[in-house]
Structures are given as structure tokens and as C-alpha cells.
1. Of all residues in region 89-142, count the ones that are of a type in the set (A, V, I, L, M, F, W, C), in contact with a helix residue (DSSP H, G or I) (Cβ under 8 Å, 6 or more places away or on another chain), open to solvent by less than 20 Å² (accessible area, probe 1.4 Å) and in a helix (DSSP H, G or I).
2. Pick from 147, 113: which is closer than 17 Å to residue 373 by Cα and at pLDDT below 95?
3. Within region 337-386, how many residues are in contact (Cβ under 8 Å) with a residue 12 or more places away in the chain, among the aliphatic types (A, V, I, L, M) and open to solvent by 20 Å² or more (accessible area, probe 1.4 Å)?
4. Select from region 387-405 the residues that are open to solvent by less than 60 Å² (accessible area, probe 1.4 Å) and at pLDDT 80 or above and write down the one among them that is farthest from residue 112 (Cα to Cα).
5. Regarding region 182-192, can at least one residue be identified that is of a type in the set (A, V, I, L, M, F, W, C), under 21 Å from residue 315 (Cβ atoms), at pLDDT 95 or above and part of a helix (DSSP H, G or I)?
6. Looking only at region 51-71, decide whether some residue is modelled with pLDDT of 95 or more and among the polar types (S, T, N, Q).
7. Tell me, which strands (runs of 3 or more DSSP E) wholly within region 1-69 include 2 or more residues that are open to solvent by 20 Å² or more (accessible area, probe 1.4 Å) and in contact with a strand residue (DSSP E or B) (Cβ under 9 Å, 6 or more places away or on another chain)?
8. Restricting the search to region 233-251, which residues are in a loop (DSSP other than H, G, I, E, B) and not aliphatic (A, V, I, L, M)?
Amino acid sequence: MRVVGMMSGTSYDAIDAAAADLAPDGDTLVLTPLGMISTAYEDGLRAELAGALPPAATDLATVCRLDTHIGRAFAATAVRADLELCDGRTDLTASHGQTVYHWAESGRVYGTLQIGEPAWIAEATGRPVVSGFRTRDVAAGGQGAPLVSVFDVMWLRGRPGVPVALNLGGIANVTVIADGPGGAPLAFDTGPANALIDAAVRELADGGDPGGARSMDVDGMLAARGTVHPGLLRTLLDEPYYALPAPKTTGKELFHLPYLRAALDTCGPLPAEDVVATLTRLTARTVADAVRPFGATEVIASGGGTRNPVLMRWLREELGGGGAGVPLRTSDELGLPSGTKEAYAFAVLGWLTAHGLPATLPSCTGARHPSVLGSITPGGAGRSLPAPLTTAPDRLVVRAPRTLR
């Protein structure tokens, strides 16, 4: 079954689409990567989205426009992925959409909202679409995140020791494969990855000009020129979220520009380079602090943060570097491109839903039970879903890409 997985993360800079050929083989799901594409949001759409996200106020007219425009953007990307990656033979599209709000208070999640109306995707492609993945887990008492944990567990199960999967998007999250209550896996958001770094770059690096050219610390150049400010780092590390027990989840509802401004008010004006360096060290420190208690034997990173060499170097330092430290590698070394691992993960989640199989692990999300995730938007005439399976595969193997025939 050829599935296109699509998502735009908390950095809301682009739509990533990854195509996979997925086939069950006994208790194993075999994933053959077919390639990926990435489509940047148009500047106007990205600006409207940024202006509507927390803590900004918005209105339902704006939400409706964004839902439509983002749905159309996802649809255009799905059409490209079908033609360029699947030779026009996609069977299913799995769309995470764009998260605009994750309603979390006092360690509990009450609701979550992803937009990007899937009907636009189904209309444009003629294929069925699975979307709205997070809500069912929240309804079952879960955090609705990190949903990639079931993928991580299937993928890394059987590796020696205690492997930890790490995603460095706007928010950092981890899946601890061989720990937790009774040996069950655990997953949770550790805190900001790129969220505060990006906010600082937009606010400070171009003099606060909203039309400034920079929206991220490309190649860690600002952090490399800066000096970590101990006082600001201490203030940021005092955030109560870090002490909450897992499972837990967070987002830009907490780690946003006003949050950063409040922290900066405690230490006076600082050069942009020093702020970015401090925030980069914050990400490295909080990730390492989060995985250390579980006796991790390796950390396998993915996400946009892996392209920041300063963040990766400092994360290695915080994990102990070589010798007795915890090795840090990227998912590329295991056959999955680090920039699109999450898109591949949602392709797998869509495959599970299409076959009527649960795609959550209660020990990872805190839900009362596993759930079949998402809603299904039908495709065109004659485009049906496969027959349900009674047993879910519990392992995932990535095979070398091949050329479609």
C-alpha cells in the first residue's frame, strides 16, 4: 500500500510529504521509503498563521480562512507527492495538518486543534484521507502527543540497551523504548527545541522587523557567535514544566515570544547572539536532563534541529560526549531522513487507521486504552480502504528505497 504522510510542525515553515510503500510481513511492517518533498508556506499565509497563534487573539473568520488555505496548500502538496513520488498510484494520504492550539493545563490535555480541511486533499487527489489523529487519544484521557511514539517503538524495538528517539522540531519530544512502568515505553515533550530560538531570531536578529529575512538560526551561526548568559539560562531552567512527570506535553501555547520577553526582562538587554546561544544551550540541557534518568544507551535524533550543528554539538556535550557518555546519532544512520521522519511516521499511523488498528500506546500518551486514530474522508468512486486486520504488526523494518515499476 502506497501512503503519503504529510505534516507541518510547530515551526509552521513548510509542509513535508513523505511517500512510503507499506506491507505487512507477519508481525513486521515493512516500510520502503519512496522519497519526500517539502513545500514552503506562502509568505502571506505564514504571516496570517503566525498572527493567529497563541498568545495572539483571533476570530472564527480567520480560523475558517486558515483552515481553507492550509487545506488547499496540503492538497497541492499531496498532488505533487502522488505524481512525483508514487507515479500517480497513491492509495492513501495521511495528513496531520497544522496544529494551532493544544489545550493543556496542570498536566492534563483537554483538547487539541489541527487545521487544514482534509476534504480539499480528497477532492484534489481522489484518494481517501486520514486526518485528525490527535483528538481520539485526548478523548481517551491521553495527552494526544507525542503520537510518533508507536512508530518509534515499532522501529527501534530490539535494539540493545535503552534507545531513545528524539525529535527536534519547534518542541522537542522523546520516546524511551525500554523503560517506564513495568518495562513499558514512555514518551513526552521535553520542552522547546527550536520554538524559542526561532522566536528570538525573528524578534532580535533583524531589529524586530517582522519582514526581516531571518526566521531561524541557519547552521547555528548566531549561537556560534554568542555567549551563553548564566542568569538568563537559570531563569529559563526554573520553568515548572520541566519538573512535571511524564507523560506530558507542551507547545507554543507556553513557549512563545512573550514568554521569552518576560525572561529577558529579568536580565536586561543582551545581544541577539547571546540570547540565541543561551536558548540553544537551554534546548540541549533540557533534552539531556530529560533522558538521563532512564539510563539511555543511545539517542537517535530527527527533525529540523538536527541541521543546527551548534545545537547537536552542545547536545552531545550535555549527554556526556564520547567515552561513558550517551551516543547521539541521527535517524539518517538508520535509513530514515531526519528531516522527514515524522512525515513517514504519520504515513504509518494512517496505514494503521486504514486497517482498523490502534496507533497509540497508553504508557506513552497517558490514555486509558489504545485507540484507532483519526477521521477518514472518502476518496473518489472506486477508491476503497483495505479490509481490516485483526492483528497489528509490532515491529517496523525500513528497507532500502526502490524504483516503482
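1. Residues flagged as of a type in the set (A, V, I, L, M, F, W, C), in contact with a helix residue (DSSP H, G or I) (Cβ under 8 Å, 6 or more places away or on another chain), open to solvent by less than 20 Å² (accessible area, probe 1.4 Å) and in a helix (DSSP H, G or I) within region 89-142 amount to 2.
2. 147
3. Going through region 337-386 one residue at a time, the tally reaches 4.
4. So the residue we want is 398.
5. Within region 182-192, not a single residue is of a type in the set (A, V, I, L, M, F, W, C), under 21 Å from residue 315 (Cβ atoms), at pLDDT 95 or above and part of a helix (DSSP H, G or I).
6. Yes; the residues of region 51-71 include at least one that is modelled with pLDDT of 95 or more and among the polar types (S, T, N, Q).
7. It comes to 14-25, 28-40.
8. Correct list: 238, 239, 245, 247, 248, 249, 250, 251.
The values are calculated or read from the model by the stated rules, or taken from the named source; none is laboratory data. If you're wondering where the values come from, they're calculated on a predicted model, not measured in any experiment. Positions of Cβ are generated from backbone atoms using ideal geometry, with glycine treated the same way; all protein chains shown enter the neighbour counts. Please note that ligands, DNA and RNA were not included when accessible areas were found on the heavy atoms of the full protein model with its side chains. Shrake-Rupley method; radii C 1.70, N 1.55, O 1.52, S 1.80 Å.
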